[in-house]
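The values are calculated or read from the model by the stated rules, or taken from the named source; none is laboratory data. Note that the structure is a prediction, hence the values are computed from the model and not measured. Every residue, glycine as well, gets a Cβ built from its backbone with ideal geometry; the counts of neighbours run over all protein chains shown. These area figures cover heavy atoms from the full protein model, side chains too; ligands, DNA and RNA do not enter into them. Shrake-Rupley method; radii C 1.70, N 1.55, O 1.52, S 1.80 Å.
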Amino acid sequence: MIKKDKWAWAWVPVLYFTQGLPYVLVVTVSVIMYKKLGVSNEDIGLYTSLLYLPWVLKPLWSPFVDLKSTKRNWFLGMQLLIAIALLGVGLTLPTSMFFTTTLACFWMAAFASATNDIASDGYYMIGLTEQKQSFFVGMRSTFYRLAMVTGEGLIVIMAGFLENKYGDNTKAWSITITAAAFLMLALTVANFFTTPKFESSAAITKDKPEGFFAVFTSFFKKKNIGIALVFILTYRLGESQLVKMAAPFLLDTPEKGGLGYSTEQLGTIFGTAGVIFLSIGGILGGILISRDGLKQWMLPMVLSLNVPNILYAILAMTGTTNIYAVSATVIFEKFGYGFGFAAFLMYLIYVSEGRSKTSHYAIATGFMALGMMLPGMISGYMQQWLGYGGFFVWVVIAALPAVFLLKFIEYPADFGKKTNDTDA
């Protein structure tokens, strides 16, 4: 039997970097890629938001991850499938039907990534004690977001460099996404060697759910689940729209209300200042929750997630292209996200507590994905209607429902707080 918390410092960072990379490639880097290949903002907002659908629907097949095989086998298989799907994107980009074929491959990657999330999160919850879950939530969030910054930063920088080298955006992005596929393959191999086989013990397997439908009914019978789901749906209401239009805003010409930055500049900003302050925010958030409990930090973390979005509105309304002003905006937004998302992760873990925690966490994150997908689908139309300035003001306003709902949600004040017990 392998004891809980075993080798967590090794496998948590690698596992959650691997979880974050396909997500950012599917839902964020695809936005930049399609923008550089001439796709309209309306189509970008609509079709790339529809790629969230597997994350919304993943609760439908999450019980199979609980009932069949082990979490480790599931996430290793899905990570390999993601690498194959990304290779498909890279190889089909030069074709005349690139939009249809790449969307199909991104759909495959999205399905595999959503399933990988189910298995990885389940593995995290069975492989760590509650106290260690709280302690590592900052590291988990940080490495997840580091993967996102790698996608938005280093991978985009690579694409921008190749655009300048070849003078051919299609060729540049084809090489870039193919390289990302091989990176995903390397991470799959790394996970194979770093993750212990926790589920080989009877102490873990005895907690598997009894039946498929029992998983769903037990989740929706939880106390105050209605208000909890509304809170989950609205927690990232503003960010879900910002994330779709931030890159087009920086890339669009000043005549269209954008800042006129190049692909390489965009990647550099996200990949330098962004990575440092994201890490600080995520690690700090996890440490503070572990020290004081979730209740004390929920409001500050909700605000930190949303208040920095005001800076995007200021950039858009003033038309400021100054590199320091833009970098400062990214710094505050990344730090605020890293800090604020730690509370959201702990709340999702709380909502998922119980015998079928893997499937319940999948259901909770499915609602989270729905809260990202639906607003994201209309983000391009909202931006075209309001202009970039009005759009970012709307993004700031969209944060208010989550703040209002804080007084109605219930959870233990000390949830996630580290005790004096040592389980490691």
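Note the listed values (i) 25.4, 84; (ii) 23.2, 78; (iii) 20.6, 64, then indicate which one is Rg and Dmax of the Cα atoms in Å calculated from this particular structure.
Of the labelled values, this structure produces (iii).
The stretch 303-422: D in µm²/s via Stokes-Einstein (Kirkwood Rh, Cα pairs, 20 °C, 1.002 mPa s)?
Taking Rh from Cα pairs, D becomes 128 µm²/s.
Using the basic label-point model (7 angstrom from Cα toward the beta carbon), what is the Tyr381 to Arg355 distance in nanometres?
Modelled inter-label distance: 4.4 nm.
What do you get for the angle between helix 309-318 and the principal long axis of the chain? Use alpha-carbon atoms, 0 to 90 degrees, nearest ten.
That works out to roughly 10 degrees.
Considering Cα pairs under 8 angstrom that are at least six residues apart, work out the relative contact order of the chain and quote it in whole percent.
29
Taking the Cα-to-Cβ direction at Ala179 and at Ser96 and moving 7 Å from each Cα, how far apart do the two end points lie in nm?
Placing both labels 7 Å along Cα→Cβ, they lie 3.0 nm apart.
Can you pick out the pairs among Lys171/Lys244; Lys222/Lys244; Lys71/Lys357; Lys71/Lys417; Lys36/Lys256; Lys36/Lys334 whose Cα atoms lie more than 22 Å from each other?
Check vs 22 Å cut-off fails for Lys171/Lys244; Lys222/Lys244; Lys71/Lys417; Lys36/Lys334.
What do you get for trypsin sites (Lys or Arg not before Pro) in the stretch 23-105 restricted to DSSP loop and a cutoff of at most 15 other Cβ within 10 Å of the site's Cβ?
Taking the stretch 23-105 and a limit of 15 other Cβ atoms within 10 Å, the loop trypsin sites (Lys or Arg not before Pro) found are Lys68.
For the stretch 241-375, what does the relative contact order come out to in percent, with C-alpha contacts under 8 Å and a separation of six or more?
It comes to 28 percent, rounded to a whole number.
How many Å² of accessible area per residue for the chain, probe 1.4 Å?
Averaged over the residues of the chain, the accessible area is 38 Å².
Round to a whole number: what % of the accessible area of the chain belongs to carbon and sulfur, probe 1.4 Å?
So the carbon and sulfur contribution to the accessible surface is 69 percent.
Can you give the log10 of the normalised intensity I(q)/I(0) at q = 0.18, 0.21 Å⁻¹, computed with Debye over equal Cα scatterers of the stretch 251-362?
Values, matching the q order: -0.90, -1.05.
Using 0.36 nm per residue, how much length does the chain from Leu374 to Phe193 gain when fully extended, once their Cα-Cα distance is taken away?
Gain on extension, Leu374 to Phe193, equals 61.4 nm.
If packing is taken as the average count of other Cβ atoms within 10 Å, what order do 12-21, 177-186 fall into, highest mean first?
Ranking, from highest mean packing down: 12-21, 177-186.
Per-residue ellipticity at 222 nm for the chain, helices alone: DSSP H runs ≥ 4 residues times -39500 (n - 2.57), over residue total, nearest 500 deg cm²/dmol?
Theoretical 222 nm ellipticity from helices: -25000 deg cm²/dmol.
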